[in-house]
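Novice: So that we are looking at the same thing, I have put the structure below in structure tokens.
The values are calculated or read from the model by the stated rules, or taken from the named source; none is laboratory data. The model shown is predicted, which means the values in this text are computed figures rather than measured ones. A quick note on method: Cβ atoms are made from the backbone with ideal geometry, for glycine too, and the neighbour counts reach across all protein chains shown. Just so you know, the surface numbers come from the protein's heavy atoms only, side chains and all, with ligands and any DNA or RNA stripped out. Shrake-Rupley method; radii C 1.70, N 1.55, O 1.52, S 1.80 Å.
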Amino acid sequence: MRCTEILAGAAIAVALAGCEEVPLTPAPVTGSTPTAETAVTTDSAFMSGLNALRAQHGQPPATPDSRLMTAAQLHAEDMAANGYFNHRSRDGRSYTQRIAAQGYPTCWPVENIAFGSHSPSGALAQWTGSPPHLRNMLTSGTVRFGLGQAGNIFVLDLARTC
């Protein structure tokens, strides 16, 4: 099964639970060797959009967490550097294992990945239009998140606080 949806007239690969790996040709990325020292930042428009969406559905705001940001960023960079698109890393690790490796206690973690958007807000729009991804973003309770981007590959890791 290939995970491709047509959104706004453009073919954009979107990973859904149970989908097989989708080979891709990502946009060029500088510094494509993932490291634990990878710089991560929080996109304010993305955070505002995510929290507006959560508020519309009666959920409290999600707050950024540097451990989740690092896990998301490293996975985005790994997919870009190695030309694949999957929730499972090439070394066989799941997102739960990648999150735990960054020191976050894995309490109800979920992951969204997107390919093809050119901005964090564009990735948010992709995920909002997909029921499984929307459900992840609306995880109930107090939630922390980390957003990673490498070229046009985006990773969003979310987890409840423990």
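Novice: Scan the stretch 51-63 for residues that are surrounded by fewer than 17 Cβ atoms within 10 Å (Cβ to Cβ) and in contact with a Leu (Cβ under 8 Å, 6 or more places away or on another chain) and jot them down.
Specialist: 57
Novice: Out of curiosity, is residue 106 touching a residue at least 60 places away in the same chain (Cβ under 8 Å) and either of a type in the set (Asp, Glu) or open to solvent by 50 Å² or more (accessible area, probe 1.4 Å) (or both)?
Specialist: So residue 106 does not fit the description; no.
Novice: While we're here: State whether the residues of the stretch 26-43 include one that is closer than 13 Å to residue 148 by Cα, open to solvent by less than 50 Å² (accessible area, probe 1.4 Å) and modelled with pLDDT of 95 or more.
Specialist: No; the residues of the stretch 26-43 include none that is closer than 13 Å to residue 148 by Cα, open to solvent by less than 50 Å² (accessible area, probe 1.4 Å) and modelled with pLDDT of 95 or more.
Novice: Additional query: Hey, could you check the stretch 65-87 for residues that are within 14 Å of residue 109 (Cα to Cα) and out of contact with any His (no Cβ under 9 Å at 6 or more places or on another chain) and say which is most open to solvent (accessible area, probe 1.4 Å)?
Specialist: It comes out as 67.
Novice: Among the numbered criteria (1) within 16 Å of residue 161 (Cβ to Cβ); (2) in a helix (DSSP H, G or I), which single criterion is violated by residue 78?
Specialist: Tallying (1) within 16 Å of residue 161 (Cβ to Cβ); (2) in a helix (DSSP H, G or I), residue 78 fails exactly one: (1).
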